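Everything below concerns the one structure shown next.
Please treat every number below as a calculation from the coordinates, not as lab data. This is a predicted model, so every value here is computed, not measured. Quick reminder, even Gly has a Cβ in these numbers, built from the backbone with ideal geometry, and neighbours come from all protein chains shown.
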Amino acid sequence: MADFAQQTCLNILYIQILLTLTIVRKDVLNEIILMGEKVMTAKRIVPISEKYEIPSRGKVYGDLDVPSEFTLRAMTTLEEKMRLAGQGLSTIPNLINACLMSPTDFDTSILKIFDLQFLMYKLRIVTYGPEYKLVVRCDNCGKENDVVVNLDDLPVKYAEDNYIEPFTVGPLPVSGDIITCRILSANDFIEIEKESKRILSKTPNYVGDPEFILTYRYKISTINGQEVLPFKLQEYIEKMHARDMRFFDSKYADLTENIGLDFEQVHVCTSCGSDIKYTLQVTDEFFRPKY
Ligand SMILES: [Zn+2]
């Protein structure tokens, strides 16, 4: 998948979740407590939690102290309140922070987007279970197939032991420039969104979407070994030869697509038997499963 398309997907993923994050209250369960001879019924929240190893294994964060394992508990009604408060792109990391049992006092918005996305899937699983129902249409015969995906079975691509940031792309085919870059974190996306809004409010006639250039600005660390001021970097990106840009996108995608959950799925059509290839999407079912 093209890198920009991937980012767009991640943005869409956030937006979809903001729209669909309605939590059905299932947390209050009757529990029998034995107290000596006496049997009584109490309503208690059952703490369910699980420990997960994130795709980066905590290795891609340089000096930041990021562990390899995270423990999440199931969501409760309090998290539903959090969703209703509506904090834009911060909602997902805030929601995960609230359900984080270890590490403690950790802000997941510093996590790279593939680690955060991984934890978001695990939060869904620990709360509602791994069964995810969806409908996929067969391109061959048109049949709408009901599919149940086990989210626990999604393959995880872990970061290579030798992964370091910033990583190098280049020399670019036209300019010969060598660029170093980084994978974006949730905080980067939050900053990009804020800055984009600032630009649009200051420049109502802005042509296009400021997020496009801003995203490249956040990805690039140095050009030919030099750090570049934001406005100079902006100019550089705007004037980049289209062939260099294409080369950059493709190499960046090669490196970044190799970490995180793999959403590519294949289902055999129940009507004609052909393979239906699709990419798993977030729908209402994600945080609002039907029982
Ligand atoms: Zn078919």
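The chymotrypsin sites (Phe, Trp or Tyr not before Pro) found in the range 81-165 that occupy coil by DSSP, while having at most 16 further C-beta atoms within 10 Å, are Phe106, Tyr158, Tyr163. Near Leu119, once Lys and Arg are set to +1 and Asp and Glu to -1 for all other residues with Cβ below 15 Å from its Cβ, the sum equals -1. Suppose R0 equals 25 Å. What FRET efficiency, 1/(1 + (r/R0)^6) with r the Cβ-Cβ distance, do Asp63 and Glu195 give to the nearest 0.05? Once rounded, the FRET efficiency stands at 0.55. Under 18 Å of direct C-alpha separation, and excluding same-chain neighbours fewer than eight residues apart, Lys59 reaches these aspartates and glutamates: Glu69, Asp107, Asp115, Glu160, Asp161, Glu165, Glu257. For the range 218-291, a simple Cβ point-charge model (Lys and Arg +1, Asp and Glu -1, everything else neutral) yields a dipole of about 140 debye relative to the Cα centre. When the listed pairs Lys51/Lys81; Lys133/Lys157; Lys51/Lys122; Lys157/Lys194; Lys122/Lys219; Lys122/Lys157 are checked against a 21 Å cut-off, the alpha-carbon distance exceeds it for Lys51/Lys81; Lys133/Lys157; Lys157/Lys194; Lys122/Lys219. Does the range 141-210 come out rounded, prolate or oblate, given a ≥ b ≥ c as the square roots of the eigenvalues of its C-alpha gyration tensor, rounded meaning a/c under 1.5 and, failing that, prolate meaning a/b above b/c? Oblate is the answer for the range 141-210, as a/c is 1.5 or above yet b/c matches or exceeds a/b. Using the beta-carbon distance between Tyr206 and Ser250 and R0 = 41 Å, what value does 1/(1 + (r/R0)^6) give for FRET efficiency, to the nearest 0.05? So, using R0 = 41 Å, E works out to roughly 0.90. Since only Pro171, Tyr218, Leu229 are under comparison, the one whose Cα sits farthest along the positive direction of the charge dipole of the range 144-285, derived from C-beta charges on Lys, Arg, Asp and Glu, is Leu229. By the count of neighbouring beta-carbon atoms within 10 Å, fewest first, Val135, Val169, Val149, Val207 end up ordered Val207, Val135, Val149, Val169.
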